[in-house]
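First comes the structure, then the notes that go with it.
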Amino acid sequence: MTIIESRVESEIDTLTSQLQQLIRVPSVSAKKQVTITKCAKLVSEIMSKAGIKSELLKLDYNSEEIAPVVYGEVKSKNNPDGKTILFYNHYDVQPPEPIELWDDDPFSGKIDGNLIFGRGASDDKGELITRIKAVQYFLDETGDVPCNVKFIIEGEEEVGSSHLEKYLIKYRQKFSCDATIWEFGYIDENETPIISLGMKGLLCVELHAICANADLHSGLAVLVENPAWRLVHALKTIRDENGTIIIRNWHEDIRDFSPEELECIKQEDFDISDFKKNYGLSNIFNENDTEKMKKASVGGVTSNISGLFSGYIGEGSKTVLPSKAMAKLDFRLVPDMMPKKQFELLRDHLYSNGFKDIQLKFLSGEPACRIPVNNEFVKLVEASALEEFGKIIKSVSSTGTGPMWYFNNILKCPCVSIGCTYKYSRVHSPNEFVRIDLIKKTTRCIGNIIERFGKT
């Protein structure tokens, strides 16, 4: 693919500058920042300058509580009745905390050699800019695009995409497409792109234990049950020491791997020592059984305590019996587990184990999605990545979660992940970065996908 190759090199300064602009607008959806809409408008402006027709979509035009979706579209002049490719991305980011662990301002967009630092540098503003620029370079060089192109860029992905399903239903006709390139894609430690064919589902909940209307003197622990202990006892019933969830019927809806998926898993590489080194780990589950570990990575369910709070956590000691305790849990799900059903199983489990007093709150949920290994669009993305990178890894599913299920079930399109995020780029962590060399490669790869798709 040569049409846009020269532009990627000559325009890299402009590309990095626009990425810096995006990083410098804090768009933390969890904090409902007013700058969310500012960032959406900036994305729309960058797309418009690139020649992409852009607009902000809302569910309720009288409400500012719901982040707008940035929609973009370019109709092919020479192939208007051809297929349509959709790019799904998000402009919101994770909170930067803990701030003290960043080397610089989390929203600096600082360039240091081959790296651009800042929250969202990889997830997901770096990925977004590669797609916008690939389309722009086609328009600049040829005045056209090989196929019809659409963009959906949401502002709530990092908080569970709570309104995206409603957006997809309301604007179903506008969003109609034949295939979707998902919002991210990893490059492993061997410089090999990982093409992911699915995402795990997610159930997020809170557990609350309450014993009194105010904190008590700890001497009263002989009379009053500490809610922190109560919560710990409840949590201990959810999974065993090996990480296996022991809730009744929790696993009954899990879809088995197909023979093609099992073969794909078998072919995947996984460097245990490198993984442990990069994350500072001394041991991991199933370390002595590589195949089991790889299967768990793409198709295993988990129960994770993401937050735990009770009582006094400042310096020194305070002899207090806390009045309440709270835990935040997330459960990773796989096809065909549905979040609401799993939530009810969790509630029944707590009740049957004597924890009716534990208040259970549903926060968010997304079903899992997995695209067939032999799908024709998968093959096209593979061929495009091979042309640019010379090698690929095909993964049955990402370990993370996103709203892929809604695209697959509402828009009826296959979704495939390919992108520029280096595996150890500290996504969701302090000092997040994106590699400029991978931005270049991925922009060319996206261009290749667009060109090939226009010929199908």
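The values are calculated or read from the model by the stated rules, or taken from the named source; none is laboratory data. Keep in mind it's a predicted model, so treat the numbers as computed, not measured. Methodologically, a virtual Cβ is constructed for each residue, glycine included, from the backbone with ideal geometry; neighbour enumeration extends over all protein chains shown.
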request  = Answer yes if at least one residue in segment 281-299 is polar (S, T, N, Q), in contact with a Lys or Arg (Cβ under 7 Å, 6 or more places away or on another chain) and not assigned by TED's automatic domain parsing to the domain that holds Leu223, and no otherwise.
outcome  = yes
query = Going by the conditions given, is Ser63 hydroxyl-bearing (Ser, Thr, Tyr), at pLDDT 95 or above and more than 19 Å from the chain's Cα centre (by Cα)?
reply = no
query = Among the residues of segment 123-155, which ones are crowded, with 24+ Cβ neighbours inside 10 Å and among the acidic types (Asp, Glu)?
reply = Asp123, Asp124, Glu127, Glu154
query = How many residues are surrounded by 14 or more Cβ atoms within 10 Å (Cβ to Cβ), at pLDDT 85 or above and of a type in the set (D, E, K, R) if we restrict to segment 264-298?
reply = 3
task = Taking only segment 45-60 into account, find how many residues are closer than 14 Å to Lys174 by Cβ and modelled with pLDDT of 95 or more.
result = 5
query = Out of all the residues in segment 225-263, which are touching a Leu at 6+ places or on another chain (Cβ under 9 Å) and of a type in the set (Lys, Arg)?
reply = Arg248
key: Answer residue from segment 335-389, given it is among the polar types (S, T, N, Q) and closer than 21 Å to Phe87 by Cβ and is surrounded by the fewest Cβ atoms within 10 Å (Cβ to Cβ) among those   = Asn375
query = Conditions: (1) in the same structural domain as Leu350 (by TED's automatic domain parsing); (2) surrounded by fewer than 14 Cβ atoms within 10 Å (Cβ to Cβ); (3) without any contact (Cβ under 8 Å) to a residue 24 or more places away in the chain. Asn242 meets all but one. Number of the miss?
reply = (3)
ask   = Among helices (runs of 4 or more DSSP H) lying entirely in segment 69-186, which contain 1 or more residues that are in the same structural domain as Asn408 (by TED's automatic domain parsing), more than 17 Å from Leu57 (Cβ to Cβ) and small (Gly, Ala, Ser)?
value = 125-142
remark   = In segment 366-383, residues that are in a strand (DSSP E or B) and over 24 Å from the mean Cα position of the chain (by Cα) total 0
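Let's see how each residue does on (1) within 22 Å of Glu45 (Cβ to Cβ); (2) in contact with an Asp or Glu (Cβ under 6 Å, 6 or more places away or on another chain); (3) aliphatic (A, V, I, L, M):
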residue	(1), (2), (3)
Glu97	no, no, no
Pro106	no, no, no
Gln136	yes, no, no
Pro146	no, yes, no
Phe184	no, yes, no
Glu189	no, yes, no
inquiry  = If Tyr91 meets every condition in (1) surrounded by 21 or more Cβ atoms within 10 Å (Cβ to Cβ); (2) over 28 Å from Ile116 (Cα atoms); (3) of a type outside the set (A, V, I, L, M) apart from one, which number is that one?
reply    = (2)
Odd one out for Phe270 among (1) under 22 Å from the mean Cα position of the chain (by Cα); (2) under 29 Å from Leu345 (Cα atoms) = (2)
request  = Among the candidates Phe285, Phe275, Phe270, single out the residue that is aromatic (Phe, Trp, Tyr), touching a residue at least 24 places away in the same chain (Cβ under 8 Å) and under 28 Å from Lys391 (Cα atoms).
outcome  = Phe270
message = Give me the residue from segment 299-334 that is of a type in the set (Phe, Trp, Tyr) and surrounded by fewer than 17 Cβ atoms within 10 Å (Cβ to Cβ) and, out of that set, nearest to Lys200 (Cα to Cα).
response = Phe309
query = Are any residues in segment 417-436 of a type in the set (A, V, I, L, M, F, W, C), surrounded by fewer than 24 Cβ atoms within 10 Å (Cβ to Cβ) and either at pLDDT below 95 or over 26 Å from Glu141 (Cα atoms) (or both), and if so, which ones?
reply = Val427, Phe433
message = If Ile46 meets every condition in (1) more than 23 Å from Thr180 (Cβ to Cβ); (2) β-branched (Val, Ile, Thr); (3) not in a loop (DSSP other than H, G, I, E, B) apart from one, which number is that one?
response = (1)
query = When you go through Leu164, Leu262, Leu216, Leu231 one by one, which is the residue that is within 25 Å of the chain's Cα centre (by Cα) and in contact (Cβ under 8 Å) with a residue 60 or more places away in the chain?
reply = Leu164
ask   = Can you name every residue in segment 385-426 that is assigned to a loop (DSSP other than H, G, I, E, B), among the hydrophobic types (A, V, I, L, M, F, W, C) and farther than 30 Å from Ile3 by Cα?
value = Val396
inquiry  = Can you confirm whether Ile439 is surrounded by 18 or more Cβ atoms within 10 Å (Cβ to Cβ), aliphatic (A, V, I, L, M) and either in a loop (DSSP other than H, G, I, E, B) or modelled with pLDDT of 95 or more (or both)?
reply    = yes
